[in-house]
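Structure, as structure tokens:
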Amino acid sequence: MLAMLQRGSCREIVLVNRTRARAAGTVTDMRYGRPLSPPVDVRDGDYEDLAGAALVMVTVGLNEQSGGATDPEDPRGRLRLLDDNAGVYREVVPRIVDAAPDATLLVVTDPPDPLTDIAREAAGHDRVFGTGTLIDSLRLRVHIAQWLRVDPGCVDAMVLGEHGKSSVTLWSSATVAGVPVTELLADGDRPVADVQAEIEEEVSNANITIIEGIGASQYGIGIVCARLAETVLRDEGCVFPVGSYRQQYGVTLSLPTVIGRHGVLRTLPPKMSQEERDGLERSALVLREALEGARRRDG
């Protein structure tokens, strides 16, 4: 919300929380900074106050710290949170749709990929997508830029697949000003594969570093949400690696996606090496198994 207020991402924000007093306190605090921001009205409310909303961000559920998903060696990673948060989504999403049937839904809660599938089922429509690997891709750009001593905005690089342990880094297409990152890394004094592995580890464990410092990832993902809100509300047609249902994989995962007023408009299939294609297939398998397991346990 803070990023949206500061950026002027929309004209009105309604915050709904199971504890109304918490929502009211957050809104009251933010309103006192409102005179220094673009025109954005912020208020607390209940589900019925979502009527007429063009976009609803769903952030409810356990986070990594409260859900015990902070072990960097745990191969499940954020998927450990799926069962608990799936139950919350099955309860909350129908209430959102009842109040705002025409809204596009943006899934932010971890793990966003299988929760996007669950949200689609609960909503009964396809105007649903998740934040996916956009934050991972931004982290990748930052760490590549740090290594090469360039501005992150000059780096073009993406992480695809799961927002989690099975994500796939597209090194084959990563560039700076059109120059392949692999060529630039080769000018250093360390083997390129070693540097790539170090950067991937930093990106993969970035959330753990953040949690150890401030308890939860919030500022980076907040900026991501604000930017995605702008893309939807302004019908921009921008392309980001976000999560939506991919029929060829049978599950939600992240690929370069054109985003507009009604969410996902189309997918732009990226060029990938065979190793990257195989990695994406493995990521899809991990997500399918996690989703199927959650459905079985739900009965």
*Relative contact order computed over the chain (Cα-Cα under 8 Å; 6+ residues apart), in percent*: 18
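In what sequence do Asp83, Asp136, Asp113 fall when counting other Cβ within 10 Å, fewest first?
Working: Asp83 15, Asp136 26, Asp113 33.
Fewest to most other Cβ atoms nearby, the residues stand as Asp83, Asp136, Asp113.
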*What is the calculated FRET efficiency for Asp187 to His262, with r their C-beta to C-beta distance and R₀ = 45 Å, to the nearest 0.05?*
0.50
*Using unit Cβ charges (K, R positive; D, E negative) and no other charged atoms, how large, in debye to the nearest 20, is the dipole of the chain about its Cα centre?*
820
*asked:* Rounded to whole Å, give me the distance from the Cα center of segment 20-44 to that of segment 231-257.
replied: 30
*Residue farthest toward the positive end of the dipole of the chain, with Cβ of Lys/Arg at +1 and Asp/Glu at -1: which of Ala294, Val150, Ser283?*
Ala294
*Place a label point 7 angstrom from the Cα of Lys165 along the Cα-to-Cβ direction, then list the residues of segment 63-94 whose backbone nitrogen is under 17 Å away.*
64-65, 67-84
*Taking each pair of different alpha-carbon atoms in the chain once, compute 1/r for the pair, average those values, and report the inverse of that mean as the Kirkwood hydrodynamic radius in Å to one decimal.*
19.8
*How large is the helix-only mean residue ellipticity at 222 nm for the chain, computed as the sum of -39500 (n - 2.57) over DSSP H runs with n ≥ 4, divided by its residue count, in deg cm²/dmol to the nearest 500?*
-14000 deg cm²/dmol
*asked:* Can you give me the convex hull volume of the Cα atoms of segment 1-122, divided per residue and expressed in Å³?
replied: 113
*asked:* Between Arg22 and Ser66, what is 0.36 nm times their sequence separation minus the Cα-Cα distance? Round to one decimal in nm.
replied: 14.0 nm
_Among Leu184, Leu82, Leu255, residue whose mean-square fluctuation peaks in a GNM of the chain (springs only between Cα atoms under 10 Å)_ = Leu184
_Proxy reagent accessibility, fewest Cβ within 10 Å first, across Ser9, Ser172_ = Ser172, Ser9
*With a cut-off of at most 16 other beta carbons within 10 Å, and DSSP calling the residue loop, which GluC sites (Glu not before Pro) in segment 212-261 qualify? Please list them.*
Glu236
*asked:* What do you get for trypsin sites (Lys or Arg not before Pro) in segment 1-88 restricted to DSSP loop and a cutoff of at most 16 other Cβ within 10 Å of the site's Cβ?
replied: Arg11, Arg18, Arg76
_Under a crude label model (7 Å from the Cα following the beta-carbon direction), how far is Glu281 from Asp235 in nanometres?_
4.0
*What size of dipole, in debye to the nearest 20, comes out for segment 222-299 about its Cα centre when the only charges are +1 on Lys and Arg C-beta atoms and -1 on Asp and Glu C-beta atoms?*
180
*Near the amide H of Leu15, under 5 Å away, which other amide H atoms are found, from residues 5 or more places off or on another chain, if H is placed in the peptide plane?*
Arg43, Asp44, Gly45
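None of the figures in this text is laboratory data; all of them are computed from the coordinates on show. None of the values given here were measured: they were computed from a predicted structure. Because the Cβ atoms are built from the backbone with ideal geometry, glycine has one as well, and the counts that use them run over all protein chains shown.
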